[in-house]
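What follows is calculated from the coordinates using simple rules that are stated; it is not laboratory data. Since we're looking at a predicted model, the values are computed, not measured. We place every Cβ from the backbone using ideal geometry, glycine too, and count neighbours over all the protein chains shown.
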Amino acid sequence: MINVTKPYLPNKAKFLEYVEQIYKTVWLTNNGPLYQELELRLKDYLGVRNIILVTNGTFALQIAYKALGLKGSVITSPFSFVATSSSIIWEGMEPIFADISPNDWNINPEEIERHIRADTSAIVPVHVFGNSCNVEAIETIAHKKKLKIVYDAAHAFGVNYKDASLLGYGDISTLSFHATKLFHTIEGGAIITSDDELAKKIRLMINFGITGPENIESLGINCKMNEFQAAMGLCILDEVDQIHKERKRIVEYYTSELENLVKFQSFDINCSRNNAYFPVLFNTEEQMKKVQVELNNNDIFPRRYFFPSLDTLEFNVCKQSMPVSNSIASRILCLPIYPELKDTIIAKITCIIKRNC
Ligand SMILES: *Cc1c(COP(=O)(O)O)cnc(C)c1O
């Protein structure tokens with residue numbers, strides 16, 4: 001069975017060496033040596049000022065909102081994984097959707113302006129499939145309207161914009177290190193900020209606000225990454241160049257075969273590509289479904305990322321019309337992409353698409 005992705009497992013011997021080390025130190029969590037090492041290495045690899053590792057990418061968003069003191073309503077993209085908007089509701093706020101642009105599939109800055117209300121405290125854009133949002137336009141709006149920006153950068157691991165990390169934009173950017181992501185720690189995530197004071201506050205927040213054995217300084221919660229998760233991250237980071245090479249090979253193969261048959265996401269020219277996903281857009285939902293059925297019959301399971309458009313979910317109370325997001329959500333398929341994916345399988349997939357388009 002071929003799925004849209006396959007969790008990457010790094011060199012087993014190396015992982016077991018780390019496990020041995022954990023057995024020797026008996027340091028399982030709470031800012032352990034592996035956690036510290038991974039944090040330092042990721043800071044360097046990604047080129048960011050502060051990075052704080054946490055339990056998962058959803059909690060990274062929730063902590064970001066809390067740390068910035070967000071309240072009221074928040075403007076976000078309807079074309080994303082459900083965690084983007086559910087984390088906003090979970091933290092007692094209302095997500096207001098602003099429609100996406102038809103070519104880059106990211107939140108449309110003009111739509112953001114139109115939806116700002118008196119109680120709006122922030123913008124939560126998503127760099128969907130690793131393609132940078134219009135970060136300059138979003139910054140201008142946020143500055144003018146005194147709004148905070150939290151980028152859901154779950155797809156943007158290692159992406160650069162104008163030769164610097166894309167994760168440096170906004171007040172905070174968050175990453176997900178879930179098993180299905182390009183780089184993972186089984187479950188995990190990270191909070192990135194250039195503001196040192198904010199980083200200090202976040203470090204307290206993720207460990208109950210505890211500052212010493214008998215000191216609890218402020219309100220906090222528990223979302224610490226443990227040593228086993230950090231060990232997985234360290235092993236995968238050693239292999240990340242190879243992962244990128246493999247993903248690039250797959251994207252080039254798909255692209256050359258499908259170029260004139262389906263539509264691809266248009267990437268910002270200033271944005272580097274991490275090839276985390278390979279989404280293709282069909283002309284009609286009917287055509288997409290025909291392809292999906294035939295692939296499924298061949299034991300190949302692409303995913304409808306992202307369907308349904310989040311504005312249609314029953315628990316998102318604020319109902320606006322999001323024609324672009326709904327149109328793209330209905331016609332999109334993310335094709336299988338992961339390092340070991342064989343050329344013969346890619347050939348089979350592209351052959352089925354050709355037959356149906
Ligand atoms: C994966 C993902 C998340 C959630 O991350 P978890 O680590 O699974 O909690 C949030 N936003 C987007 C866009 C994602 O793809």
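Structural remarks
- Options Pro125, Ser218, Asn356, ranked by Cα towards positive dipole end of the chain, top entry (Cβ charges): Asn356
- Ranking of Ile216, Ile352 by count of other Cβ atoms within 10 Å, fewest first: Ile216, Ile352
- In summary, the aspartates and glutamates within cross-link reach of Lys14, defined as a Cα separation below 20 angstrom excluding same-chain residues under 8 places away, comprise Glu37, Glu39, Glu187, Glu227, Asp238, Glu239, Asp241, Glu340.
- Bridge type composition, segment 1-132 - antiparallel percent by DSSP, nearest 5: 10 percent
- Placing dummy labels 7 Å off each Cα toward the beta-carbon, the span from Leu40 to Lys12 is 3.1 nm.
- Sum of side-chain charges, Ser173 neighbourhood, beta-carbon under 15 Å (Lys, Arg +1; Asp, Glu -1): 0
- Rounded to the nearest 20, the size of the Cβ-charge dipole of the chain about its Cα centre is 440 debye, with Lys and Arg at +1 and Asp and Glu at -1.
- Using the empirical formula 2.2 N^0.38 Å as the baseline, the Cα radius of gyration of segment 206-357 reaches a ratio of 1.41.
- Among Ile22, Ile191, Ile337: highest mean-square fluctuation, GNM of the chain, C-alpha pairs under 10 Å: Ile22
- Each of His127, His178, His155 has some number of other Cβ atoms within 10 Å of its Cβ, and from fewest to most they run His178, His155, His127.
- The HN-Hα couplings worked out from phi for segment 327-332 by the Karplus form 6.51 cos²θ - 1.76 cosθ + 1.60 (θ = phi - 60°) are 5, 5, 4, 7, 10, 9 Hz, whole numbers, x standing for Gly and Pro.
- Note: segment 124-245, Cα convex hull, 129 Å³ per residue.
- Alpha-carbon centroids, segment 88-102 and segment 236-265: separation in whole Å: 30 Å
- Among Glu214, Glu139, the order by Cβ neighbours within 10 angstrom, fewest to most, reads Glu214, Glu139.
- Between Ala60, Ala179, Ala190, the GNM of the chain built on Cα springs shorter than 10 angstrom shows Ala179 fluctuating the most.
- Label zone (Met1, point 7 Å along Cα-to-C-beta; backbone nitrogen cut-off 17 Å) within segment 157-197: 180.
- Placing a label point 7 Å from the Cα of Lys144 along the Cα-to-Cβ direction, the residues of segment 110-131 whose backbone N falls under 13 Å of that point are 110-116.
- Under 17 Å of direct C-alpha separation, and excluding same-chain neighbours fewer than eight residues apart, Lys342 reaches these lysines: Lys6, Lys245, Lys248.
- Modelled label positions at Glu91 and Asp119, each set 7 Å beyond Cα in the direction of Cβ, lie 1.7 nm from each other.
- Legend: residue pairs Lys12/Lys354; Lys148/Lys200; Lys71/Lys263; Lys12/Lys181; Lys144/Lys201, Cα-Cα distance threshold 30 Å; pairs beyond threshold, Lys12/Lys354; Lys71/Lys263.
- A simple spin-label model places the labels of Asn103 and Glu257 2.8 nm from each other, with each point 7 Å out along Cα-to-Cβ.
- Rg to Rh quotient for the chain, alpha carbon positions, Kirkwood Rh: 0.97
- Highest-MSF residue in the chain out of Leu40, Leu68, Leu310 [GNM, Cα springs under 10 Å]: Leu40
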